[in-house]
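The structure appears below as structure tokens.
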Amino acid sequence: MSDPIRGIGVGTGSAAGPVARMAPAAPLPAPRAVADPAGEAAAVRAALRAVVTDLDERAARASGTGSEVLAAQAMMAADPVLADRAAALAEQGTDGAHALADAFDGFRAALVTAGGYFAERAADLDDLRDRAVARLLGLPAPGLPDPGHPYVLVADDLAPADTALLDPGRVLALVTLRGGPTSHTAILAKALGVPAVVGCAGAAELEDGRRVLVHGADGVIELDPSPAAVERAADRERRRRDLSAGFRGPGRTADGHPVALLVNLGAPHELTGAADADAEGVGLFRTEFLFLDRAEAPGRAEQAAAYRKVFAAFAGRRVVVRTLDAGADKPLPFATTADEENPALGVRGLRTAARDPQLLETQLAAIAEAAEDSTAHVWVMAPMVSVPREAAEFAARVRAHGLPSAGAMIEVPAAALRTDRLAESCDFFSIGTNDLAQYAFAADRTLGSLAELLDPWQPALLALVSTAARAAAERGRPIGVCGEAAADPALALVLVGLGVTSLSAAPASLPEVRAALATHTLAECRELAELALLADDAVTSRGTVRSRMTER
Ligand code: PEP
Ligand code: MG
């Protein structure tokens, strides 16, 4: 058996299965002379037909939004004008790959010029072009694999667009070469409830079909595991699930101290699962999905309709809406500029509202409109607040729309250190540990190579959480954690011990967090928090707390 490979672990479970790799788009080869233009034109048409057939078949197998997206893609690829244009270029002597690329690029330019909805489809055309060129060259189709059985997805990295079509019933685990503990892959893995290993240099060597056993908790991937090792892991999984299944309802410690357990919501397809989860509401509604892949911001009516759906699904429960967090890892052409040297330190989050006040105004109006006829308790918070003045201005704007509860995310160390002042205008807080770690340690959250600094067990990060939680408690303001830290059952205990009043995570993470809380008293949580804060580093902090938990 080969030595295991390692990366940054995400999640708490383990899963075994065969590898299926995400194929990158093949680069366009150098132009070549064409001996048989008629044959080349026929090959071009055949490649397009094959892409259409493939997409139609996948649409028939998929369901819901995924199926609709694939069917729409198939229709675009089937456009006869496109095939005629590509075939005509081939007949004039352009080689097949370039004939396809040129034809698609012509369509693309027309869509971009048309603007609005059409311009937003340009990226879809790029994907179709890559698929058609791959077909013509006899290469594997780029994008998500479809081996026809459950698999461990291995990729360089996963972008939000790649993941819209991921089928949680098929993906057993995720392994990526790049990415850190707060990367989109990590967030996605938690949403799917599957183990993942990110920032894994060895992922490059994992070939299609190889059997692996992925351990999310410690970031280890066993290669060609023995049946006994797979059985042991499955056994542990069963025990873990059984323990979690023993607890239901609102979060509370063993001695009854309430800790609201909430879900993070970031995409429309997550809504049903989130609403059905045993949770007291939404602790972080990431509204960016409405704005992504768009050339222009959606209008008030479109936004209101989307928010209404979420509020209806959570009738009678809390929904914390975060206003648009554009910039850095979430660039949007109409809200952010491409010419900043350090986008993570640039005009992002709430700062975009200072440059374009209408963007926030429209969003707040849409939230207020949707909240009006809903029984959901709608709280609204701003991302990337740095100074009390920003929080006060934001809160005033929220209240001007008749929305009763305005809050701030604590993601910038300056805000954590001045939570007492922010409390003068804010009704509540939510700590975003992903960005708070990034800014406290000056470490890009997307870089796997800096994972050690971004580890949410870093005592300095916990010290910032402690400062903010204490200030919020003194002023009677609820303060939650909605970053990835809240999904780790051991760390959740520490956060509660530090004074955090709610935890928001992917629905799949909540049962284990609930079980950890239910089996520890508040005094024990405080003891664990003390130990975590006193540790010299993240590894010691995590190790000490975990071993203390298992000793009980
Ligand atoms: C965070 O920064 O911790 C957070 C919850 O926000 P996001 O991950 O969307 O930036
Ligand atoms: Mg953030």
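What the table below lists for this structure:
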quantity	calculated
Long-range amide H partners of Met381 with built H, under 5 Å	Val321, Arg322, Thr323, Gly407
Val465, Val347 arranged by Cβ crowding within 10 Å, fewest neighbours leading	Val347, Val465
Simple spin-label estimate for Arg6 and Ala400 in nanometres, 7 Å along Cα-Cβ	5.4
Computed magnitude of the charge dipole of the chain (debye, nearest 20; Cβ of K, R +1, Cβ of D, E -1)	1360
Pairs of alpha carbons in region 37-137 whose separation is greater than 20 Å (percent)	36
Label-point separation, Ala71 to Leu345 (7 Å along Cα→Cβ), nm	5.0
FRET efficiency estimate (nearest 0.05) - Cβ-Cβ, Ala463 to Val539, R0 25 angstrom	0.90
FRET efficiency estimate (nearest 0.05) - Cβ-Cβ, Glu302 to Leu243, R0 30 angstrom	0.10
Between 0 and 90°, nearest 10: helix 522-534 axis offset from the chain longest Cα axis	70
Charge dipole of region 393-552 about the Cα centre (unit charges at C-beta), most positive-ward option of Ser449, Gly483, Gly499	Gly499
Alpha-carbon centroid distance for the pair region 379-431 / region 463-515, whole angstrom	18
Rounded if a/c under 1.5, otherwise prolate or oblate - the chain, Cα gyration tensor axes	oblate
Alpha-carbon gyration tensor eigenvalues x 5, square-rooted, for region 506-552, Å	20, 13, 10
Magnitude of the charge dipole, region 37-137, Cβ model with Lys/Arg +1 and Asp/Glu -1, debye to 20	140
Crossing angle, helix 80-91 versus the chain [Cα axis fit, 0-90 degrees, rounded to tens]	50
Separation between Cα centres of region 32-61 and region 433-455, rounded to whole Å	45
The chain, relative contact order [Cα under 8 Å, separation at least 6], %	15
Helix-only [θ]222 nm of the chain, DSSP H runs n ≥ 4, -39500 (n - 2.57) each, per residue, nearest 500	-14500 deg cm²/dmol
Cα-projected label distance for Leu28 with Thr53, points at 7 Å along beta-carbon direction, nm	2.7
Net length gained if the chain between Leu292 and Arg526 were fully extended (0.36 nm per residue, minus Cα distance)	80.2 nm
Per-selection Kirkwood Rh - region 250-521 (Cα, Å, 1 d.p.)	18.5
Neighbour count of at most 10 Cβ within 10 Å plus DSSP loop: longest GluC sites (Glu not before Pro)-free window in the chain	342-552
Helix axis angle, 300-313 relative to the chain longest principal axis, alpha carbon, degrees	60
Whole-angstrom gap from region 74-117 to region 281-325, using each part's C-alpha centre	35
Positive-pole candidate from Ala30, Ala97, Ala203, dipole of the chain, charges at beta carbon	Ala203
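Here, each number is a calculation from the coordinates, and none is a lab measurement. Keep in mind it's a predicted model, so treat the numbers as computed, not measured. So basically every Cβ, Gly included, is an ideal-geometry build from the backbone, and we count neighbours across all protein chains shown.
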